[in-house]
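One structure below.
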Amino acid sequence: MNATQHRAVDAQLDKAAAVCAGRGAQLTPLRRHVLGLILDADAPLTAYQLLDRLRAARKGAAPATIYRALDFLLAQRLIHKVERLNAFVACAESGHEHPAQFLICRQCGAVTEIEDRVAASALEHAAEREGFHPRMTVVEIEGTCAACFQPA
Ligand SMILES: [Zn+2]
Ligand SMILES: [Zn+2]
């Protein structure tokens with residue numbers, strides 16, 4: 001990661017801190033550190049990968065430390081959990097609840113968040129036709145990303 005990317009992450013962290021402050025919540029140094037690790041990563045990180053990275057700077061960090069920080073970041077909608085990978089990514093929309101679709105590359109592991117409201121509402125309407133009351137529509141799509149794709 002170069003200096004420009006570091007500054008971009010710092011700017012995202014400052015924005016996240018402002019989002020939290022606007023809700024009366026506090027992005028403590030620990031929470032900021034964990035969010036920074038997620039923003040720095042090229043691919044989603046599991047709680048244990050995060051714990052390993054956190055311990056490089058905070059030796060005594062325990063699993064509960066990470067889980068509490070992740071719960072906070074999820075509640076503030078600054079990150080998403082990609083269930084299929086049991087791992088966490090930063091939210092591209094940073095801070096508001098929204099339907100999301102994740103494109104998961106099986107070759108390089110990259111995850112891209114897209115926000116297609118038409119697709120989300122089509123799924124919600126399909127669910128409603130079954131008498132189901134959807135609350136949040138998150139779709140995870142596995143495949144090959146543009147960089148990895150090799151035309152046959
Ligand atoms: Zn998001
Ligand atoms: Zn890929």
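The values are calculated or read from the model by the stated rules, or taken from the named source; none is laboratory data. It should be emphasised that the depicted structure is a prediction, and the values quoted were computed from it without experimental measurement. Don't worry about glycine lacking a Cβ; one is built from the backbone with ideal geometry, like all the others, and counts go over all protein chains shown.
All conditions in (1) surrounded by 15 or more Cβ atoms within 10 Å (Cβ to Cβ); (2) touching a residue at least 24 places away in the same chain (Cβ under 8 Å) hold for H98, with the sole exception of (2). Taking the numbered list (1) among the β-branched types (V, I, T); (2) more than 26 Å from V19 (Cβ to Cβ); (3) surrounded by 14 or more Cβ atoms within 10 Å (Cβ to Cβ) in turn, V118 passes all entries but (3). When region 90-107 is limited to residues that are of a type in the set (D, E, K, R) and more than 8 Å from ligand 1 (Cβ to nearest atom), the one that is nearest to C20 (Cα to Cα) turns out to be E97. Given the condition at pLDDT below 90 and within 12 Å of ligand 1 (Cβ to nearest atom), answer yes or no: does some residue in region 123-135 qualify? The answer is no; no qualifying residue exists. For A120, state whether it is part of a helix (DSSP H, G or I), farther than 17 Å from A90 by Cα, outside the structural domain of N86 (by TED's automatic domain parsing) and within 16 Å of ligand 1 (Cβ to nearest atom). When the stated conditions are applied, A120 passes them.
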